[in-house]
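Visitor: Handing you this structure, nothing more for now.
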Amino acid sequence: MLDLIHARLEGAFGRERLQRVNRAQVVVIGAGLLGGQLLQHLAMLQVRTLIVDPGTVEPENIGNQGLPADRVGEPKARVRVSQMRELNPSCPVRGFEVPIEELGLGVLADADLILTGLDGRASRLTVARYAQQLGVDWIDAAVDGSGERLLGTISWFRPGVEEQPCYGCRHDAESLARITREERRAPCASWRDPRLPDTPPTLTASPFGALVAGWQMTWALQALLGEEDQNVGHQLQIAASGRPRTRTVALHRRADCLFPHQTLGPLQRLDGDGVEELLVRAKRDLGTAPSALLFPGRSLAVGLGCSVCGATMDLVKLAAEVSDAEASCSCSPGAERTPVVLTDRIEGATLDRLRGRSWSALGIPAEDLVSAESGERRIHYLLPSRSEGEAR
Amino acid sequence: MSDDVMQVFRRRMMSVELQAVRSESDILRLSPDPTSGSPPRVLLGIFRELQYMEPRPDGAVHAVQRPLPFSLQLPADYCNCTDGSLQMRVARILTPIAHPNVGPGGIVCLGPRFRPATRLAPLLEHLHRICSSNLFAAESPLNPYAAELYRRHAEAIKGLHSAPLWKRPVVDRVRIVSAEGERRGER
């Protein structure tokens, strides 16, 4: 049966081009309406695939996302992995049941292409950052989620190239603030979870989702085959209500874009889980001991203090990983501890105190990006992988 | 290389904008921390005259008028942070203060009105309004104890009076922003 599938694909693509597609690695972020469609094609084409989706199969997904009704309550990433294996057992696929914000950059480091079908602008901005840091092509698809109009867009970004537009190029400071402000629930964000709340479910019916995802997959094949790039930096707009219309527009590079347009360059992978190992390696690579470690996009709590009794507690940990027990003080009922400092940068005496600690104990995700700095020089490292958080 | 955006932003903030705000305020002392890189990433400041609520060792809180030291730091994602964490990673008060949105260690939650890429003058103005108790959010506080206090004594706290941050009234002050050659049309 598999031989037959392959024979047909070879007929369609040619042996050499099919091999190119088979060797590629694709990351699909969001495994819902659009992602589910993409994964079906990727399984049939036997592309090495990583699936990232923190959600579980909800009853309302059954009608339009192609998820089996008997698997309600299971993680979507896990269900999609088994669906792909059913379609094509020899397709290498891995799933990650975490939000993209909590995934270490290194998980995506070997990807040739990122495909997204997400329902929030904030998570797209995170994907934009990762794609930019790695210099990996990214094709984003979006559908109008209100269910009122059949509108969809597909945008192709090539972050490695300085003059190319990025996803952030459409935003000035004001519109960027609107994304993070409008969708926020409380006046002050929670220091343990400053992320935005989930967006309401997409109400678009599956046929239009299939249409948009099919077109996105067509662009994805152009990217993987590397034969055509006239759509890079462009957006395809599809309006399917009434008489269908499509148009392709060029996206514009904003001269004063708020987002960096450079990639990080070479990333060094680390073997051991200890902070000490990174410090030793960085000292060798920099020629001098690093003065600071940077954790881009992360907030670390350094010290916790109680607002009632004033007592402080020594601690360095990713803010999101601080436990309820650590965040409450025994001095009086309901007394809360909050960070003395919240930072994405560890330096000086705090840095010395981290020697002997492990990254997992600090709550830093596996394969996360850590940069060592000395003066103006920076070297970027990827922490080692761990097996947790991965769908089996 | 990756933070060219921030290099440009910091350079401008630490030169043109810093000079402009210094000349526009009588109560502000502000200088870059030279040990924090080049251009500096951290500013050390003092509001020289301010009425604020100070916690006493016995747990009571009273209004005092004295200089208030603070620090401002510009993280690598100051211009493009996309979650709410930036609100709490920029400003710190370096002396004990009782305020719903200031943690026991001094971190300030600048709240949702603060946005990425805020220039120095509006950033200082925002911080000054918080420290002088003109701006506070008692919901989702960093200091629940102070929040309860502010709720109970809202009237007294509104009555605190601090010297204005800027020499001239707000309308004139738009010049601080236009000193950098942007937003000229606003005057």
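The values are calculated or read from the model by the stated rules, or taken from the named source; none is laboratory data. Predicted model only: the values in this text are computed from it and were never measured. For neighbour counting, all protein chains shown are included, and Cβ atoms are generated from backbone atoms with ideal geometry for every residue, glycine included.
Visitor: Report whether or not residue A:383 is within 27 Å of the chain's Cα centre (by Cα), away from chain B (no Cβ under 14 Å) and modelled with pLDDT of 95 or more. Outline the logic, then answer.
Guide: Details: within 27 Å of the chain's Cα centre (by Cα): yes; away from chain B (no Cβ under 14 Å): yes; modelled with pLDDT of 95 or more: yes.
Answer is yes for this residue.
Visitor: Shifting gears a bit: Could you check segment A:94-123 and list, in sequence order, the residues that are closer than 17 Å to residue A:265 by Cα and assigned to a helix (DSSP H, G or I)?
Guide: Result: A:105, A:106, A:107, A:108.
Visitor: Check residue B:7 against each of (1) free of Cβ contacts under 8 Å to residues at least 12 places away in the same chain; (2) facing chain A (nearest Cβ under 10 Å); (3) more than 18 Å from the chain's Cα centre (by Cα) and name the one condition it does not meet.
Guide: (1)
Visitor: If you check B:79, B:131, which single one turns out to be among the hydrophobic types (A, V, I, L, M, F, W, C), farther than 23 Å from residue A:101 by Cβ and either buried (at least 21 other Cβ atoms within 10 Å of the Cβ) or within 14 Å of the chain's Cα centre (by Cα) (or both)? Explain how you work it out, then say what you get.
Guide: On the way: B:79 fails: farther than 23 Å from residue A:101 by Cβ.
After applying the criteria, what remains is B:131.
Visitor: Does segment A:346-364 contain any residue that is of a type in the set (Lys, Arg) and touching a strand residue (DSSP E or B) at 6+ places or on another chain (Cβ under 8 Å)?
Guide: Looking only at segment A:346-364, we keep the residues that are of a type in the set (Lys, Arg), and these are A:353, A:355, A:357.
Those left that are additionally touching a strand residue (DSSP E or B) at 6+ places or on another chain (Cβ under 8 Å): A:353, A:357.
Yes: one or more hits.
Visitor: Here is a follow-up. For segment B:134-149, which positions are at the interface with chain A (Cβ under 7 Å from one of its Cβ atoms) and farther than 16 Å from residue A:338 by Cα?
Guide: Passing the criteria: only B:137.
Visitor: For residues that are buried (at least 19 other Cβ atoms within 10 Å of the Cβ) and assigned to a loop (DSSP other than H, G, I, E, B), scanning just segment A:333-361, find the one that is nearest to the other protein chains (Cβ to nearest Cβ).
Guide: Across segment A:333-361, the extreme among qualifying residues is A:344.
Visitor: Can you name every residue in segment A:235-248 that is in a loop (DSSP other than H, G, I, E, B) and surrounded by 14 or more Cβ atoms within 10 Å (Cβ to Cβ)?
Guide: Taking segment A:235-248 as the starting set, the residues that turn out to be in a loop (DSSP other than H, G, I, E, B) are A:240-244.
The answer is A:240, and nothing else.
Visitor: Test of understanding: among A:141, A:131, A:77, which residue is out of contact with any Asp or Glu (no Cβ under 8 Å at 6 or more places or on another chain), crowded, with 23+ Cβ neighbours inside 10 Å and modelled with pLDDT of 95 or more? Steps first, please.
Guide: Details: A:131 fails: out of contact with any Asp or Glu (no Cβ under 8 Å at 6 or more places or on another chain); A:77 fails: out of contact with any Asp or Glu (no Cβ under 8 Å at 6 or more places or on another chain).
Exactly one residue qualifies, and that residue is A:141.
Visitor: While we're on this one: Any residue in segment A:86-106 that's farther than 13 Å from residue A:52 by Cα: show its pairings with residues that are small (Gly, Ala, Ser) at Cβ separation under 6 Å, as long as the two are six or more apart or on different chains.
Guide: What qualifies is A:87/A:43; A:88/A:43; A:91/A:43.
Visitor: Let me ask another. Looking at residue B:34 and the list (1) within 13 Å of chain A (Cβ to nearest Cβ); (2) more than 16 Å from the chain's Cα centre (by Cα), which single condition is not satisfied?
Guide: (1)
Visitor: Hey, another quick one. Can you pull out the residues in segment B:99-114 that are facing another protein chain (nearest Cβ under 7 Å), in contact (Cβ under 8 Å) with a residue 24 or more places away in the chain and in a loop (DSSP other than H, G, I, E, B)?
Guide: Selection gives B:101, B:103, B:104, B:109, B:111, B:112.
Visitor: May I pose another question? From the list A:28, A:79, A:52, which residue is of a type in the set (A, V, I, L, M, F, W, C), under 21 Å from the mean Cα position of the chain (by Cα) and over 17 Å from residue A:111 (Cβ atoms)?
Guide: Values: A:28 fails: over 17 Å from residue A:111 (Cβ atoms); A:52 fails: over 17 Å from residue A:111 (Cβ atoms).
Just a single option satisfies the conditions, and that option is A:79.
Visitor: Also, quick follow-up: Could you list, in sequence order, the residues of segment B:72-96 that are in contact (Cβ under 8 Å) with a residue 12 or more places away in the chain, facing chain A (nearest Cβ under 7 Å), in contact with a helix residue (DSSP H, G or I) (Cβ under 8 Å, 6 or more places away or on another chain) and within 19 Å of residue B:142 (Cα to Cα)?
Guide: Across segment B:72-96, the qualifying residue is only B:84.
Visitor: Pick out, from segment A:262-329, the strands (runs of 3 or more DSSP E) lying fully within it that include 1 or more residues that are over 30 Å from residue A:164 (Cα atoms) and within 11 Å of another protein chain (Cβ to nearest Cβ). It would help to see each step written out before you state the result.
Guide: Working: elements: A:267-269, A:292-294, A:300-306, A:312-318.
Output list reads A:292-294, A:300-306, A:312-318.
Visitor: Checking residue B:128 against (1) modelled with pLDDT of 90 or more; (2) within 14 Å of chain A (Cβ to nearest Cβ): exactly one of these is not met. Which one?
Guide: (2)
Visitor: So, residue A:140, is that one in contact (Cβ under 8 Å) with a residue 12 or more places away in the chain, outside any helix (DSSP H, G or I) and under 24 Å from residue B:84 (Cβ atoms) or not?
Guide: Details: in contact (Cβ under 8 Å) with a residue 12 or more places away in the chain: yes; outside any helix (DSSP H, G or I): yes; under 24 Å from residue B:84 (Cβ atoms): yes.
Yes; evaluated as a whole, the condition is true for this residue.
Visitor: Among the candidates A:31, A:24, which residue alone is assigned by TED's automatic domain parsing to the domain that holds residue A:147, within 19 Å of residue A:137 (Cβ to Cβ) and hydrophobic (A, V, I, L, M, F, W, C)? Talk me through it step by step, then tell me what you get.
Guide: Values: A:31 fails: within 19 Å of residue A:137 (Cβ to Cβ).
Of the residues listed, the single one that is assigned by TED's automatic domain parsing to the domain that holds residue A:147, within 19 Å of residue A:137 (Cβ to Cβ) and hydrophobic (A, V, I, L, M, F, W, C) is A:24.
Visitor: Exactly one condition in (1) assigned by TED's automatic domain parsing to the domain that holds residue A:140; (2) part of a helix (DSSP H, G or I) is not met by residue A:232; state its number.
Guide: (2)
Visitor: A further question follows. Within segment B:31-41, which residues are buried (at least 17 other Cβ atoms within 10 Å of the Cβ) and in a strand (DSSP E or B)? Walk me through it before giving the result.
Guide: First, pick out the residues of segment B:31-41 that are buried (at least 17 other Cβ atoms within 10 Å of the Cβ): B:32, B:36-37, B:39-41.
Correct list: B:32 only.
Visitor: In addition: Could you tell me whether segment A:200-212 includes any residue that is outside the structural domain of residue A:324 (by TED's automatic domain parsing), exposed (fewer than 14 other Cβ atoms within 10 Å of the Cβ) and modelled with pLDDT of 90 or more?
Guide: For segment A:200-212, residues outside the structural domain of residue A:324 (by TED's automatic domain parsing), exposed (fewer than 14 other Cβ atoms within 10 Å of the Cβ) and modelled with pLDDT of 90 or more: present.
Visitor: Part of a helix (DSSP H, G or I), among the small types (Gly, Ala, Ser) and either surrounded by fewer than 19 Cβ atoms within 10 Å (Cβ to Cβ) or at negative phi (or both): is that true of residue B:138 in this structure? First the steps, then the outcome.
Guide: Values: part of a helix (DSSP H, G or I): no; among the small types (Gly, Ala, Ser): yes; either surrounded by fewer than 19 Cβ atoms within 10 Å (Cβ to Cβ) or at negative phi (or both): yes.
So residue B:138 fails the test.
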